[in-house]
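For reference, the structure discussed in these notes is given below.
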Amino acid sequence: MQYKTHVLFGIVLGLIFQNFSSFDVPLYFFFVIFGSLLPDIDHPKSKIGRWFKPIGWLFEHRGFFHSFFVPLIFSVVLFRNGFGGVMFPLALGYVSHLVLDATTKKGIMPLHPMSRIKIRGPFKTGGFVEQCLLMLLSLYIIVVLFF
């Protein structure tokens, strides 16, 4: 999926689960959005990967950073270091990214590096279904925020 779809899906999930967090609202959504982009840190041409090019050179795209181990590791590290408030919105955004990418033809390897088994869906990144989803997510956000 494209970065804008990841961001909007993260925001929608953030709106749905906002009541489960006592974190400051602007920071809550910052970490949801950051988390929704973070898995693509392994792609040197992605919005976030441009800032961390060496990671893209060292890791396979849709490999380790597209596994469910990463949000688990981040959550444990954040919690143990006193940043438990950041844990939920960051993990929510991160997992939202993985869920969307699992619906694409390229899919994800959810247990990488322990397993190379892929979860794949029928949708093409940037295709018609993604554009429809993008419009529906935008509409949902507008309705929730303004009506």
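The rows are residues; the columns are (1) of a type in the set (G, A, S); (2) under 15 Å from L92 (Cα atoms).
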| site | (1), (2) |
| --- | --- |
| Y3 | no, no |
| L8 | no, yes |
| L13 | no, yes |
| G35 | yes, yes |
| I41 | no, no |
| W57 | no, no |
| H66 | no, yes |
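Restricted to segment 96-128, and to residues that are touching a Lys or Arg at 6+ places or on another chain (Cβ under 8 Å) and in a helix (DSSP H, G or I), which residue is surrounded by the most Cβ atoms within 10 Å (Cβ to Cβ)?
D101
Would you pick out the residues in segment 36-95 that are within 18 Å of I108 (Cβ to Cβ), of a type in the set (A, V, I, L, M, F, W, C) and part of a loop (DSSP other than H, G, I, E, B)?
Across segment 36-95, the qualifying residues are I48, F59, F68.
Of (1) of a type in the set (D, E); (2) closer than 15 Å to Q2 by Cα; (3) modelled with pLDDT under 95, D101 satisfies all except one. Which?
(3)
Just one of (1) surrounded by fewer than 19 Cβ atoms within 10 Å (Cβ to Cβ); (2) more than 27 Å from C132 (Cβ to Cβ); (3) free of Cβ contacts under 8 Å to residues at least 24 places away in the same chain trips up Q18, so point out which.
Failing condition for Q18: (2).
Within 15 Å of the chain's Cα centre (by Cα) and of a type in the set (D, E), is that true of D42?
Yes, satisfied.
In this structure, does L145 turn out to be surrounded by 14 or more Cβ atoms within 10 Å (Cβ to Cβ) and under 19 Å from V7 (Cβ atoms)?
no
Does at least one position in segment 118-127 carry a residue that is closer than 19 Å to D40 by Cβ, modelled with pLDDT of 95 or more and in contact with a Pro (Cβ under 9 Å, 6 or more places away or on another chain)?
Checking segment 118-127: at least one residue is closer than 19 Å to D40 by Cβ, modelled with pLDDT of 95 or more and in contact with a Pro (Cβ under 9 Å, 6 or more places away or on another chain).
The values are calculated or read from the model by the stated rules, or taken from the named source; none is laboratory data. Here the structure is a predicted model, which means the values were calculated and not measured. In this analysis, Cβ positions are derived from the backbone assuming ideal geometry, glycine residues included, and neighbour counts consider all displayed protein chains.
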